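Attaching a single structure in structure tokens format; questions to follow.
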Amino acid sequence: MKDRVLKQFENHSRFIGIIIICLLLISMKANTLMANSQRTTECRPNETIPLLLNSKFAASNLATVKVIIWFDNPKLSIDHLAKPPLENWIWSSKYSQAGNGNQALTISGEGIVNKIQELQVYTWYTIMVPKIAKEGGRIYFDERIPEGLDISAYLNYIQAQPVQWTLSNNLISIAAYEQHLNPSVKVGKDSLNLQVLSRGTAGKGETVLAIPVLLEEF
């Protein structure tokens, strides 16, 4: 009897969680359509830089930012990395087995940044996107803050259209498409270029912004 009650409670909680996510996404869709209709008279507050610290939703003053570059051909020369995004920025590299049988190369670097440095790293990232693509690689931007964030409000603020979402225990993940962001990736039939994951509440927990998608574990 006890097991049956617990199972019914778990199913009920999961059902409520799904309903909440659906309501949030419907609200975001309505707000996005309204914002689009007003675009000729209003300027979007965060038009080209959808970052966490510089949004109005994060209480944190510092974030951990990581840049990850992935190649499936380790023989490629990457002279561009001689000029890192910040001082004291250190690159590390590792080799792994790629799906095509080649030995893949992953290069990553990270740092603790304030609002100004956050913008510097992101600007560097946008400059490097076409350069790394020309070399045959892919580059990822990963920013994390030690607090939970209202993902629906954040995505509505940057006018990103939710594409895919998951809810697991206290973790919410929404992959979205923002028209000013490059590059985008195909996941099934959907195009997306950013992913936000959050767990916990303001003051505790963790939120990650991944562009174009999350590459490392959260």
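If you go through the stretch 89-107 one residue at a time, do you hit one that is touching a residue at least 12 places away in the same chain (Cβ under 8 Å) and either in contact with a Cys (Cβ under 6 Å, 6 or more places away or on another chain) or under 23 Å from Ser55 (Cα atoms) (or both)?
no
Tell me which residues, restricted to the stretch 121-134, are buried (at least 16 other Cβ atoms within 10 Å of the Cβ) and not hydroxyl-bearing (Ser, Thr, Tyr).
Val121, Trp124, Met128, Val129, Ile132
Please state which one of Ile145, Ile116 is closer than 15 Å to Ser55 by Cα, of a type in the set (Val, Ile, Thr) and open to solvent by 10 Å² or more (accessible area, probe 1.4 Å). Walk me through how you get there before you give the answer.
Working: Ile145 fails: open to solvent by 10 Å² or more (accessible area, probe 1.4 Å).
Of the residues listed, the single one that is closer than 15 Å to Ser55 by Cα, of a type in the set (Val, Ile, Thr) and open to solvent by 10 Å² or more (accessible area, probe 1.4 Å) is Ile116.
Among the residues of the stretch 182-218, what is the count of those that are part of a strand (DSSP E or B) and among the polar types (S, T, N, Q)?
Of the residues in that region, 4 qualify.
Any residue in the stretch 171-188 that is under 14 Å from Val208 (Cα atoms) sitting within a Cβ distance under 9 Å of a residue that is basic (Lys, Arg) and at pLDDT 90 or above? List the pairs, counting only those 6 or more apart or interchain.
Leu171/Arg199; Ile172/Arg199
I'd like to check something: does the stretch 110-124 contain any residue that is in contact (Cβ under 8 Å) with a residue 60 or more places away in the chain and part of a strand (DSSP E or B)?
Applying the first criterion (in contact (Cβ under 8 Å) with a residue 60 or more places away in the chain) to the stretch 110-124 yields 113-115, 118-119, 122.
If we keep only those that are part of a strand (DSSP E or B) as well, we get 113.
Scanning the stretch 110-124, I find at least one residue that is in contact (Cβ under 8 Å) with a residue 60 or more places away in the chain and part of a strand (DSSP E or B), so the answer is yes.
Hey, does the stretch 80-102 have a residue that's β-branched (Val, Ile, Thr), open to solvent by 30 Å² or more (accessible area, probe 1.4 Å) and at pLDDT below 90?
From the stretch 80-102, those β-branched (Val, Ile, Thr) are 90; that's our starting set.
Narrowing further to those that are open to solvent by 30 Å² or more (accessible area, probe 1.4 Å): 90.
Subsequent filtering for residues that are at pLDDT below 90 retains 90.
Checked the stretch 80-102: at least one residue is β-branched (Val, Ile, Thr), open to solvent by 30 Å² or more (accessible area, probe 1.4 Å) and at pLDDT below 90.
Let me ask another. Would you point out which residue out of Ser184, Ser168, Ser191 is out of contact with any Asp or Glu (no Cβ under 8 Å at 6 or more places or on another chain), more than 24 Å from Thr123 (Cα to Cα) and of a type in the set (Ser, Thr, Tyr)?
Working: Ser184 fails: more than 24 Å from Thr123 (Cα to Cα); Ser191 fails: more than 24 Å from Thr123 (Cα to Cα).
Answer to the check: Ser168.
The values are calculated or read from the model by the stated rules, or taken from the named source; none is laboratory data. Computed from a predicted model, the values in this text were never measured in an experiment. Cβ: placed from backbone, ideal geometry, glycine included. Neighbour counts: every protein chain shown. Protein only, heavy atoms only, side chains kept; ligands, DNA and RNA dropped before computing areas. Shrake-Rupley method; radii C 1.70, N 1.55, O 1.52, S 1.80 Å.
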